[in-house]
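To start, the structure itself, in structure tokens.
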Amino acid sequence: MGYSDNIIGRYKHIRSIKELSNTYTRQYALVGLGNHCADNLLPVIQNLQLPLKYICCTSEKKAGLISQKYRGVKGTTSLQDILLDDTVSGVFVAADPHSHFQIAAEVIKAGKSLFIEKPPCEDERELKALADAVRLYGPQHIVVGLQRRFAPATRILKKRLKGDGRRHYHYRYLTGLYPEGDALLDLFIHPLDYATFLFGEAKIKCLDVIRSRDGGQTLFLVLGHKDITGMLELSTDYSWQDAQEQLNVSTDKGLYVLDNMERLDFMPRRSAVLGIPLEKVFPNHAATVCLYGRNGFVPTIGNNQIVSQGFFSEIKTFADMIENKHEADYALGLESVGQVYSLMAEIRNRTGKK
């Protein structure tokens with residue numbers, strides 16, 4: 001065996017030991033088992049080997065099937081079974097969005113740590129009620145599941161933006177029709193939260209809404225932050241088959257392009273003399289640096305969309321906080337979405353949509 005083979009073998013052994021040593025001992029419960037939960041959250045819980053004691057749903061038949069399918073997990077239709085069980089430390093809530101407020105309030109009153117999928121509630125009044133309950137009953141940890149905050153590309157972009165002089169950004173979030181729910185609360189909450197998460201508190205400088213006959217709607221927003229201005233196009237007037245999310249951020253150093261949370265590119269700004277762009281005088285190929293992108297060739301967990309979209313990290317962060325492996329981050333709780341709910345309330349007020 002060569003020297004390089006020995007080094008690689010030792011590295012793989014150390015990595016394997018580290019992974020096997022990363023165990024979780026607290027008990028957890030999951031409330032809700034819809035498509036999103038089954039496709040995105042439960043696989044992460046299973047991959048991390050979180051000790052899942054309960055899965056709660058509204059169907060007696062599903063509860064029975066849960067106990068058959070998932071070994072060691074009790075299917076139940078009773079939230080109280082979970083809340084009264086002192087061995088359960090953390091509760092994941094990913095039920096019908098309209099029931100999130102009531103379930104979250106019950107979990108908080110029981111003093112259990114809470115992971116609440118978006119939206120945690122319907123409006124500012126309910127958000128304040130939940131925040132008041134947290135102060136009164138004192139659960140240890142709360143994380144709001146807005147997964148873009150936890151995406152690998154987000155960590156890279158947020159760090160890079162700290163050292164760049166910000167100029168402006170353009171954010172497009174385009175889906176198909178959404179007749180089954182409230183597009184602002186269920187869909188547009190994502191880009192609004194992401195913009196404020198990256199750039200801080202914002203004020204609406206300009207707003208327009210276009211509604212189509214088939215039910216599609218498009219919001220055009222100009223948001224003013226402390227040191228940057230952004231233009232947002234948020235729409236359900238496009239297609240679900242080709243849904244798009246792209247963020248372009250212009251800085252003194254260059255342009256960042258984040259495409260669907262899957263790829264982050266950086267294009268350095270071209271030089272200019274006395275306002276004359278040198279690229280017109282000395283044309284050459286612009287350099288593009290890939291800061292993040294999934295490797296489709298290697299089928300590892302790190303190259304899975306569950307990781308690139310932020311689902312893996314948000315759940316791991318919550319579990320690590322509960323098990324004291326990660327310092328509590330209060331910027332991820334209910335108060336962290338207060339600005340988003342204020343923006344949504346103003347949008348509703350200006351557009352006349354309740």
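The values are calculated or read from the model by the stated rules, or taken from the named source; none is laboratory data. Just so we're clear, the structure is a prediction, and the values are computed from it rather than from any experiment. Heads up, the Cβs are rebuilt from the backbone with ideal geometry, glycines too, and the neighbour counts pull from every protein chain shown. Areas reflect the complete protein model, heavy atoms only, side chains present, ligands, DNA and RNA absent. Shrake-Rupley method; radii C 1.70, N 1.55, O 1.52, S 1.80 Å.
Odds and ends about this structure:
- Each residue of region 215-222 was assigned a 3J(HN,Hα) from its phi angle through the Karplus expression (A = 6.51, B = -1.76, C = 1.60, θ = phi - 60°), giving x, x, 9, 10, 9, 10, 10, 10 Hz with x at Gly and Pro.
- ASP164-ASP214 FRET efficiency (beta carbon distance; Förster radius 30 Å; 0.05 resolution): 0.15
- Phi to ³J(HN,Hα) by Karplus 6.51 cos²θ - 1.76 cosθ + 1.60 over region 97-114, Hz, x for Gly, Pro: x, 6, 9, 4, 4, 5, 5, 4, 4, 5, 5, 5, 4, 7, x, 9, 5, 10
- Probe 1.4 Å, accessible area per residue of the chain, Å²: 53 Å²
- Largest first and in whole Å, the equivalent-ellipsoid semi-axes of region 186-234 read 22, 12, 6, each the square root of five times a Cα gyration tensor eigenvalue.
- log₁₀ of I(q)/I(0) at q = 0.09 Å⁻¹ - the chain, Debye sum with one point per alpha carbon: -0.58
- Amide H contacts of LEU255 (H built 1.01 Å from N, under 5 Å, at least 5 apart or other chain): MET267, ARG269
- Calculated [θ] (222 nm, deg cm²/dmol) that DSSP helices of n ≥ 4 give over the chain, each run adding -39,500 (n - 2.57): -10000 deg cm²/dmol
- Kirkwood Rh (inverse of mean 1/r, distinct Cα pairs), region 33-187, angstrom: 17.7 Å
- Inter-site label distance for ASP186 and THR288 at 7 Å from Cα along Cβ, in nm: 3.4 nm
- Computed lengthening from THR25 to SER99, 0.36 nm per intervening residue step minus Cα-Cα distance: 23.7 nm
- Heavy-atom surface analysis with a 1.4 Å probe gives the chain a carbon and sulfur content of 52 percent of its accessible area.
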